[in-house]
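I have placed the structure first, in the form of structure tokens, so that the comments after it can refer back to it.
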Amino acid sequence: MTQAYQVKPDLEFIQEVTRLGGGDVKKCYQCATCAVVCPISPDTRPFPRKEMIATSWGLKDKVVGNADIWLCHNCGDCSTKCPRGAKPGDVLAALRAYAVSEYAVPKAVAKAVADPKKLPILLAVPVVIFLVLGLITGLLHFNPKGDEIVHAHFFSSWLVDMIMIPTFLWALAVFGLGLKRFLEDIHQNALLEGKTNQQKIDPKGFVEALIRVIPKILRHDKFNECGENKDRATAHMMVFFGFIGLFIVTSIFFVVLYVFQIHGPYSQLNPVKWLANLSGIALVIGSALMFKTRLAKKDQVSTYKDWQLIGLAFLLGATGLLTEMTRLGGIAWLSYLLYFIHLMFVFSLFAYVPFSKLAHLVYRTVAMTYAEYAGRK
């Protein structure tokens, strides 16, 4: 006997998904073309057909806590082949954006990051924090002494780390709280839909699955299986590895400064500086290519969060490189100004990353790891 299921549509959920770029979901007439043509959809319980149905009916709980929306890499094949123009790829992208805001706390910050009208306020927050703390502690000097341009003489390294380290820990805490709920939800969803028969997640097995998944992410295996949007892979990898490279550089210089007590500026012949410069260049070129690709694809929805991430990546790389170039060129006032602006973007990256599209990297990694762990290829 067929089990009865009472449908309780969440109209606010449908409206929000529409606002986030999934407005064509109602065109879907459930032909399953999207699930058939997707090159990375599993044979069992394939996506995105079931997600399209659940979303159009406003069944929020069936999709927000569903790991399958994160296994989608927005290849674009489903949207191109859809006979109704329902754009399943854009709908799943909207669902991922919704899920990021749903799992991140506090909600007020999540809403602010998603609202373009709040951008000036979000950017003003680090400006106020740096200026107030700098003046209170005396670690901010508007007239740095000495002929050599040393950014630490303007913004003390102590001041920078006094702000950046708690901000980084804040981001980790927000991710930790969100991922705990996220992992619980995707496991319950997998049990209900028969995608796994393991009642509890084994931490050891999950870590082993993560180790197997990381090389696939670094190689961008799923991106390379894409058809319509395969050209995104190069730009995506440049931004991806640009961020990784700059994180490695920051970590190394942090250890060099506080453990070995070696203060900058560091020689341009230093291999770590090479990595920093190459990562910055990759960030600028990769994000510029993303701009070009998205502007060229008129049929693909690009939301505020998309432009927000691309813009932040470009400005982080550009201000970092220009800060160094003006320092080497001896233009002190401009170099100090650019350094200040660069720090504001770095703060924004750390403080708002759990609420932005960059959070996809974390949630998708966890979802792919769970799929690997549960045997859902």
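The values are calculated or read from the model by the stated rules, or taken from the named source; none is laboratory data. Computed from a prediction, not measured in an experiment: that's the story for all the values here. Cβ coordinates were reconstructed from backbone atoms using ideal geometry, including for glycine residues, and neighbour counts include every protein chain displayed.
Condition check: touching a Ser or Thr at 6+ places or on another chain (Cβ under 8 Å) and surrounded by fewer than 23 Cβ atoms within 10 Å (Cβ to Cβ). Does C82 satisfy that?
yes
Can you pull out the residues in the range 99-126 that are among the basic types (K, R) and modelled with pLDDT of 95 or more?
K117, K118
Identify the residue in the range 145-173 that is within 30 Å of Y363 (Cα to Cα) and small (G, A, S) and, among all such residues, is nearest to the chain's Cα centre (by Cα).
A171
Does L122 fit the bill of being in contact with a helix residue (DSSP H, G or I) (Cβ under 8 Å, 6 or more places away or on another chain) and buried (at least 23 other Cβ atoms within 10 Å of the Cβ)?
So L122 does not fit the description; no.
Given the residues G178, G205, which is the only one that is surrounded by 12 or more Cβ atoms within 10 Å (Cβ to Cβ), in the same structural domain as I244 (by TED's automatic domain parsing), within 29 Å of F345 (Cβ to Cβ) and not β-branched (V, I, T)?
Just one listed residue meets the conditions, G178.
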